[in-house]
Amino acid sequence: MLLVGAGPAWAHSRLLHTVPVDGATTTDVTTSVVLTFNEMVKQRFTTVVVRGPDGTSYGRGGVRVVDENVTQDLYPLPSGAYHVAWRAISADGHPVQGEFRFTVSLAPGAEPTVRPPATVASAVPPSQRSWAWLLAVAVVVAVTIAGVAVVGRGRRAKVDA
């Protein structure tokens with residue numbers, strides 16, 4: 001009887017909407033993207049990467065998380081197609097991720113003159129580097145614990161003999 005009234009439980013954060021909207025074409029100069037979730041997400045390990053038609057990353061500084069909103073400031077976007085990849089940590093600690101696309105179509109003469117600085121692109125996105133370090137630390141800790149357990153058993157076996 002109790003199970004009949006129970007609806008599905010949302011265990012993780014869900015992306016509700018974005019600005020710009022997924023698939024939209026904007027005619028305004030865009031200087032940020034905003035992702036709104038159904039619940040608060042954690043600042044730590046949350047990343048948003050906005051790439052332009054030539055693969056350039058337009059992010060300007062780190063993400064800001066305020067309540068359910070994640071904001072990534074951008075260098076002003078010139079006309080073109082943009083791909084946004086994001087990763088956030090739910091309030092319950094589980095990672096969620098996704099992507100969306102939008103297009104900027106500015107009027108002639110409205111193209112921004114400020115461009116992101118030229119940087120050497122990393123082969124691994126920032127969100128994956130963070131998780132790689134965390135995984136490496138976990139492996140080192142696990143190997144250390146296993147090693148201590150084996151040494152402890154060996155010493156105990158010698159004492160018992």
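What number of residues within the range 43-63 are loosely packed, with under 15 Cβ neighbours inside 10 Å and at negative phi?
Here the count works out to 5.
What are the pairs with Cβ atoms under 8 angstrom where one residue, in the range 43-65, is in contact (Cβ under 8 Å) with a residue 60 or more places away in the chain and of a type in the set (S, T, N, Q) and the other, located anywhere, is assigned to a loop (DSSP other than H, G, I, E, B) and surrounded by 17 or more Cβ atoms within 10 Å (Cβ to Cβ)? Sequence gap at least six, or different chains.
THR47/VAL63
Considering every residue within the range 50-58, establish whether at least one is at pLDDT below 95, more than 22 Å from GLY23 (Cβ to Cβ) and charged (D, E, K, R).
Among the residues of the range 50-58, not one is at pLDDT below 95, more than 22 Å from GLY23 (Cβ to Cβ) and charged (D, E, K, R), which makes the answer no.
Take the range 92-146 and flag every residue that is among the aromatic types (Phe, Trp, Tyr) and modelled with pLDDT of 90 or more.
PHE100, PHE102, listed by residue number.
So, of the residues in the range 76-87 that are in a strand (DSSP E or B) and either closer than 12 Å to THR25 by Cα or modelled with pLDDT under 95 (or both), which turns out to be nearest to the chain's Cα centre (by Cα)?
Among those that are in a strand (DSSP E or B) and either closer than 12 Å to THR25 by Cα or modelled with pLDDT under 95 (or both), it is TYR82.
From the list THR26, THR36, THR31, exactly one residue is over 24 Å from ALA110 (Cα atoms) and either outside the structural domain of GLN97 (by TED's automatic domain parsing) or modelled with pLDDT of 95 or more (or both). Which is it?
None of the others qualify; the one that does is THR36.
The values are calculated or read from the model by the stated rules, or taken from the named source; none is laboratory data. All of these numbers come straight from a predicted model, not from anything done at the bench. Counting neighbours? That spans all protein chains shown, and the Cβs are built from the backbone with ideal geometry, glycine included.
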